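The values are calculated or read from the model by the stated rules, or taken from the named source; none is laboratory data. What you see is a predicted model; the values in this text were computed from it and never measured. When we count neighbours, we look across all protein chains shown, and the Cβ atoms used for this are built from the backbone with ideal geometry, even at glycine.
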Amino acid sequence: MSAATDAVIPRILKTNEAELLDEWLKEQLTAFRPGSKISETELRGQSKEFLNLLQQATQAGHVTDIQAPSFGRVRDMLGDVSRSRGLQGFSPSETATFVLSLKRPLFARIRTELGGDADTLATVTWSATELFDKLGLYTTEVYQKSREEVIKRQQQELLELSTPVVKLWDGILALPMIGTLDSARTQIVMESLLQRIVETGADIAIIDITGVPTVDTLTAQHLLKTVTAARLMGADCIISGIRPQIAQTIVHLGVDLGAVITKATLADAFRRALEMTGQRQRALKPRA
Amino acid sequence: MDRIPILKLRDLLLVSIQVDMHDRLAMQLQDELTAKISETGARGVLIDISSLDIVDSFIGRMIANIAAMARVLDAETVVVGMQPAVAITLVELGLNLPGVRTALNVDKGMALLESATPDVEDLPDADAGRTE
């Protein structure tokens, strides 16, 4: 593409800035559903800033290369807009509409400008399309990425939330497991359990798997690893909350829980733990 | 050269590993500890590894071996003070140290050894308890 046609878009952006902004805003406002999540003033501010930056960026040449350094600020600004819209709960198409709705007013301007010259009109229109497609895709990409970050953060929070280590009695810890046990969770569970054993000097840890929906060979292996690690630290483990279904699965799978003490309910496990630490009498006295 | 001291405490041997364990040191400890057990007729061995931050499969196996050898020589072995990170590493390496007694700290390890190796005076009491 020649420099002459390259210069058309920045020129139009510059000379028609105010009209473009108005028409673009109208496009955007009709595209959004009523009760929109963003105010008109905010939208106007964003649109104005974007037009400004786009005009500066296109002036440096490379109209269709949005990865060029001259587009740095456009990319930053667009990224911020997409990210904030992603967090505000906009849909991907609503987010991309921000850029794509500028097409119609801009194309109209290009046509009035280059009305007579069909060849140049086609070339300029094509490069404008290319530019906006790229910008649109970029918006969607950033949007996607920001949503993925949200999901990742929530996963992390969920992981931390769902693995509490509770002190039940002197020297007795309980670990109520909720949800599926995968390698990542086992690692965190193991670490927090061992840390608590060191802090509290516990002799017994009760791992309650009432909240674990299914137990397969891998889950059982993870459980055994946790038990072994606790044993290496000098704490005995009791696995409790084994439902009949899970007991059947464990036997059918041929999983060997070895020397691990297993109990049906947390209450049974607690009773056993008190016996093992020789605290049973003391613990039951107030109730008698 | 580093040496790991082996302290005799009544009829127990106390080994506290305070330096970075390397392979030759582990071999040396194995030699010296077995010699010391047979020399003193110790009933129990307490190995404190609370200062050990890093283990590899070799050191892990050495600990298991030392414990097994001590047991053959009729001395109960307790490994105490293992760091959480070390425990996790050993488990991931598949070294479960079967047959090795463990305790959280020296205090608890001592209590465990005392209950595992009853003194001669205690024996009649234990028998009396059983006949009741």
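Within region B:1-37, track down each residue that is within 22 Å of B:M110 (Cβ to Cβ), at pLDDT 85 or above and among the polar types (S, T, N, Q).
B:S16, B:T34, listed by residue number.
Would you check which residues across region B:42-55 are surrounded by 15 or more Cβ atoms within 10 Å (Cβ to Cβ) and not hydroxyl-bearing (S, T, Y) and list them?
Let us first name the residues in region B:42-55 that are surrounded by 15 or more Cβ atoms within 10 Å (Cβ to Cβ), namely B:42-50, B:52, B:55.
Across region B:42-55, the qualifying residues are B:A42, B:R43, B:G44, B:V45, B:L46, B:I47, B:D48, B:I49, B:L52, B:V55.
Go through region A:226-249 and give me each residue that's in a helix (DSSP H, G or I) and buried (at least 20 other Cβ atoms within 10 Å of the Cβ).
From region A:226-249, those in a helix (DSSP H, G or I) are A:226-232, A:244-249; that's our starting set.
Across region A:226-249, the qualifying residues are A:T226, A:V227, A:T228, A:A229, A:A230, A:R231, A:L232.
So which residues in region A:175-214 are small (G, A, S) and within 14 Å of chain B (Cβ to nearest Cβ)? Don't jump to the end; show me each part of the working.
Filtering region A:175-214 for residues small (G, A, S) gives A:179, A:183-184, A:192, A:201-202, A:205, A:211.
The answer is A:S183, A:A184, A:S192, A:G201, A:A202, A:A205.
Just for region A:9-68: of the residues that are acidic (D, E) and under 18 Å from A:T139 (Cβ atoms), which one is surrounded by the most Cβ atoms within 10 Å (Cβ to Cβ)?
If we filter region A:9-68 for residues that are acidic (D, E), which is where we start, we get A:17, A:19, A:22-23, A:27, A:40, A:42, A:49, A:65.
With under 18 Å from A:T139 (Cβ atoms) added as a condition, the list becomes A:27, A:42, A:49, A:65.
On the way: A:E27: 18, A:E42: 10, A:E49: 15, A:D65: 14.
Among those residues, the one meeting the criterion is A:E27.
Condition check: at pLDDT 85 or above, surrounded by 14 or more Cβ atoms within 10 Å (Cβ to Cβ) and on the phi > 0 side of the Ramachandran plot. Does B:G81 satisfy that? Talk me through it step by step, then tell me what you get.
Details: at pLDDT 85 or above: yes; surrounded by 14 or more Cβ atoms within 10 Å (Cβ to Cβ): yes; on the phi > 0 side of the Ramachandran plot: yes.
Taking the combined requirement at face value, the residue satisfies it.
Under 8 Å between Cβ atoms, at least 6 apart or on separate chains: pull out the pairs that start in region B:78-98 with a residue that is within 7 Å of chain A (Cβ to nearest Cβ) and closer than 16 Å to B:D53 by Cβ and end on any residue that is outside any loop (DSSP other than H, G, I, E, B) and of a type in the set (D, E).
B:V80/B:D48; B:P84/A:E191; B:I88/A:E191
Being at pLDDT below 80 and over 25 Å from A:S146 (Cα atoms): is that true of A:G89 here?
Working: at pLDDT below 80: yes; over 25 Å from A:S146 (Cα atoms): no.
When the stated conditions are applied, A:G89 does not pass them.
One line per residue, one yes/no per condition, for (1) outside the structural domain of A:D236 (by TED's automatic domain parsing); (2) crowded, with 22+ Cβ neighbours inside 10 Å:
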position	(1), (2)
A:I151	yes, no
A:I172	no, yes
A:I178	no, no
A:M190	no, yes
A:I197	no, yes
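Tally up the residues in region A:222-273 that are polar (S, T, N, Q), free of Cβ contacts under 8 Å to residues at least 12 places away in the same chain and within 13 Å of chain B (Cβ to nearest Cβ), please. Talk me through it step by step, then tell me what you get.
Initially, region A:222-273 is screened for residues polar (S, T, N, Q), giving A:226, A:228, A:240, A:245, A:248-249, A:262, A:265.
Adding the requirement that they be free of Cβ contacts under 8 Å to residues at least 12 places away in the same chain leaves A:228, A:245, A:248.
Pick out the ones that are also within 13 Å of chain B (Cβ to nearest Cβ) and you get A:228.
Number of matching residues: 1.
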